[in-house]
Amino acid sequence: MKALINLFTYLIFPGFLFSACIGLIAGWVDRKVTARIHWRVGPPWYQNFVDIVKLLGKETIVPAGAKMTFLLAPYLGLLSLTLVAAALGSNILSPLEGFVGDLIVVLYLLVVPAVALIIGAASSRNPLASVGLSREMKLVLGYELPFILSVITVIIKSGITIQIGEIINHQINFGSNIASISGTLAFLVSIFCMQAKLGFVPFDASEAEQEIMGGVLIEYSGLPLAIFKVTKAILLYTMPLFLIILFMGKDLSPLFIIAKFVLLLVIIVLIKNTSPRVRIDQALRWFWGPMSFLASAAVILALLGK
Amino acid sequence: MSHKVIVPIGPYHPLQEEPEFFRLHVDGEKVTDIDIIIGYMHRGIEELSEHKHFHQVPYLVERICGICSSSHPYAYVLAIEDILGGEANVVPERALYIRTIVDELQRLHSHLLWLGLAGHFIGYNTVWMWAWRYREPLLDLFEMITGNRNHYGISKIGGVIHDIKDEDIPAIKKAMDDLVPAANMFKGAVMDDPVIHARLKGVGILTKQQAIDWCTVGPTARASGVDIDVRRDDPYGVFDKVKWNVIVEKEGDVFAKAVVRILELYESVGIIRQCLDKMPKGPIDADIKDIPPGEGIGHVEAPRGECFHYVRSDGTNRPVRHKIRAPSYVNIASNKVAAVGQTISDTTITLAAVDPCYCCTERVAVLDKKTDKQVLNGWDLIKLSQEKTEKIKKRMGINV
């Protein structure tokens, strides 16, 4: 019975099916709002679902010389990200059922989609993909440092715990982490890290279609491409949710979660539409310079109790 | 990644909407050399034009480029009018004003188009969509004045085809008034945005000496501090009767090219306003029938630079020689110095910064980089095309 419930949690709610649907709808909100900002009409709400279904019906082309890793890499990203979605969802539903250290696991698993992209791109043997993967790699190296620093801020603020449920409980009892100076700083930093993790402008250099024609994704088609798209959709659901849990965890009733989620989505879309793409070296400098500095300051402030 | 690879931009690439091929020799992210291969759209316009009636050619050369579609016919009729004794002596004054207005409207729409594309190339799609939104009223103006949104068909030997009606003038003036706030907005968006500064400043620098050495023209040259503009140096239309400035920037980078084009928007708006105020009444066409023997040149300042036409007439009703040089022909070549040494990200915007127009530029031999030997020239392409036609004929069982 326990196994069945776990399977349900992983596959249906709040795991794969639920997070994918929410992610695809969030992706539609992104597309629609972007379109309205551009004075365009934008797609209907089911557009992202139709896109995925269409991709499933397309031929999968495997480039000559590509190994099995080319086809397996998308699953690696999807499986680990689904695990994150399930873990975060069940932590919100029942904060006490987690285990010590699940925060670390989530942090690890959140990197895996980027790693999957890198592996897939590397096995496709395309020169443009190799440019894209080297950019993706640099970007991961760039944003992980400030992101982990800001998570450390949260850990300190929540009374040194590495359990997501404990962080939520601490915020329910003592107020949201964002309400302090260090929390606000860490939140600001992690918004930029989220933008980079999602691969949105200004940090979409690894896919830059005008430069390297989709870069890491260039050789993908059909089912594997659809899986990457779904992974990205789940990431669009998971990342804001993770930030809500870390920084705005005081009130996690459904209505408040939706409001906070929409707020974060709006921030993402606004950043995306009001800036040009930065070069990868500029992105790296941005994350290792001002962002890491701010995140370190947040850690120090948190240690001082601010 | 430190090994050398070749990153192809083209022949079909989302960067630019026309077939072109830039072969970037890349070391890591750094571009060490660049091969520029164009000529995928050779249409034999010069040859075609030598088989057309003098009065048909403007419609043909208009189709060289959908963006400079006033400049090419204008340069051609200038060349013919050069044979006849000069534009100012042949063409009625009102027609000169109308030509100038259409020429400047074209510059406005072309610069806005480039601005949008430049935004797109650096991933700033909001600028892209907004620039094109403000370009749309200009296309409506074209439709009102000439009947067409893109191929205006207004230049004619000895005058223009369509008059600007008095009742249309307030609408044009209003469109100009509406455009100024939009131009202000773009000026602010480009000149005050720190991220755009970071992306465009110091990128793709073409020094003044390089700009002169590579014979660049138009905004590309003016952004490098070369003070040239056909409208002032060899005035045509009524450019010598209105007040305007040639915009020159010194830096030579992509940012300077953007600034030149944005500031030129204001000059164009000023020229159009003055023309509308000063435009006299009168005929718009000198009704010229025969072209005497002789040779003439005509050049205009197209939005991309000097557009040059040479025509020789032997007294029949067809040009015996028609030579065209479009501005992109020289500007694209300057990428060889401007784009090398950049990263791939900067190269793409540098390549686009000269506002290249590939269909204008189709007279290029294909060279092999290693041996410097010609792989294909114009004649080879024609031969290829003939062989293909033969094959198709054979397959379809046609014997001619």
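3J(HN,Hα) along region A:63-77: x, 4, x, 6, 9, 4, 4, 4, 7, 8, 3, x, 5, 4, x Hz, from the Karplus curve 6.51 cos²θ - 1.76 cosθ + 1.60 with θ = phi - 60°, whole Hz, x for Gly and Pro. Pairs exceeding 19 Å between alpha-carbon atoms, taken from B:52/B:156; B:156/B:241; B:52/B:323; B:30/B:336: B:156/B:241. Computed on region A:1-147, the Cα convex hull volume stands at 176 Å³ per residue.
Compute, for region B:199-240, the length of the dipole vector about the Cα centre, with Cβ point charges of +1 (Lys, Arg) and -1 (Asp, Glu) only. Units Debye, rounded to 20.
Numbers: 6 positive and 6 negative charges, 76 e Å.
Value, rounded to 20: 360 debye.
Here the contact order of region A:2-303, divided by its residue count and restricted to Cα pairs under 8 Å and six or more residues apart, works out to 28 percent.
Assuming 0.890 mPa s and 25 °C, estimate D for the protein assembly as shown with Stokes-Einstein, Rh taken as the Kirkwood radius over Cα pairs, in µm²/s.
The diffusion coefficient I find is 86 µm²/s.
The residues neighbouring residue B:394, those whose beta-carbon lies less than 12 Å from its own, together hold a net charge of +2 under the Lys/Arg +1, Asp/Glu -1 convention. Helices in chain B that qualify as membrane-span-like (whole DSSP H runs, Cα extent of at least 24 Å along the helix axis, mean Kyte-Doolittle hydropathy of 0.0 or higher) are B:93-121, B:169-191, B:254-278. Counting neighbouring Cβ atoms within 10 Å and putting the fewest first, the residues B:165, A:32 line up as B:165, A:32. As a length-normalised measure over Cα pairs under 8 Å and 6 or more apart, the relative contact order of region B:86-141 settles at 30 percent. Of the residues B:37, B:118, B:64, the one whose Cα sits farthest towards the positive end of the charge dipole of chain B is B:37 (charges of +1 on Lys and Arg Cβ, -1 on Asp and Glu Cβ, taken about the Cα centre).
Roughly how many debye, to the nearest 20, is the charge dipole of chain B about its Cα centre, given +1 on each Lys and Arg Cβ, -1 on each Asp and Glu Cβ, and no other charges?
About 880 debye.
Remark: mean inter-chain Cβ contacts per residue of A:207-218 equal 5, using a 10 Å Cβ-Cβ cutoff to other protein chain atoms. Based on the alpha-carbon gyration tensor of chain B and its eigenvalue square roots a ≥ b ≥ c, which shape applies: rounded if a/c is under 1.5, prolate if not and a/b is larger than b/c, or oblate? The shape class here is oblate. The Cα trace of region A:2-303 gives Rg and Dmax of 18.8, 58 Å, the first to one decimal, the second as a whole number. Within straight-line reach of residue B:391, meaning a Cα separation under 25 Å, sit the following lysines at least 8 residues removed in sequence or on another chain: B:383. The residues B:72, B:299, B:13, when put in order of fewest to most other Cβ atoms within 10 Å, stand as B:13, B:299, B:72. Among B:295, A:136, the order by Cβ neighbours within 10 angstrom, fewest to most, reads B:295, A:136. What is the helix-to-structure angle for A:2-11, meaning the angle in degrees between its Cα long axis and the longest Cα principal axis of chain A, kept from 0 to 90 and rounded to the nearest 10? That helix lies at roughly 60 degrees to the long axis. Would you please classify the overall shape of region A:71-225 from the alpha carbon gyration tensor, given that a ≥ b ≥ c denote the square roots of the eigenvalues, rounded means a/c under 1.5, and beyond that prolate means a/b larger than b/c while oblate covers the rest? Cα axes put region A:71-225 in the prolate bin. For chain A, the longest principal axis of the alpha carbon atoms and the long axis of helix A:16-37 meet at an angle near 80°.
Considering only B:101, B:389, B:263, and ranking their Cα positions along the charge dipole of chain B that arises from unit charges at the beta-carbon of Lys, Arg, Asp and Glu, the one farthest toward the positive end is B:389.
Exposed loop sites here are chymotrypsin sites (Phe, Trp or Tyr not before Pro) in DSSP loop states with at most 16 other C-beta atoms within 10 Å. What is the longest stretch of chain A lacking them?
In short, A:100-306.
Compute the long axis of helix A:181-198 from its Cα atoms, compare it with the longest principal axis of the Cα atoms of chain A, and write down the angle in degrees, 0 to 90, nearest 10. Tilt relative to chain A: about 10 degrees.
Take each residue of peptide A:135-142, count the partner chain Cβ atoms within 10 Å of its Cβ, and average: the result is 1. Across region A:169-306, the mean sequence separation of Cα contacts (distance under 8 Å, 6 or more residues apart), normalised by length, yields a relative contact order of 43 percent. Working ranking of peptides B:237-244, B:250-257 by packing, defined as the average number of other Cβ atoms within 10 Å per residue, highest first, is B:250-257, B:237-244.
Take each residue of peptide A:2-13, count the partner chain Cβ atoms within 10 Å of its Cβ, and average: the result is 0.
How much net charge surrounds residue B:74 when only the other residues with a Cβ under 11 Å from the Cβ of residue B:74 are counted, with Lys and Arg +1 and Asp and Glu -1? Combined, the nearby Lys, Arg, Asp and Glu give -3.
Just so you know, all these numbers are worked out from the coordinates, no wet-lab data involved. This is a predicted model, so every value here is computed, not measured. So basically every Cβ, Gly included, is an ideal-geometry build from the backbone, and we count neighbours across all protein chains shown.
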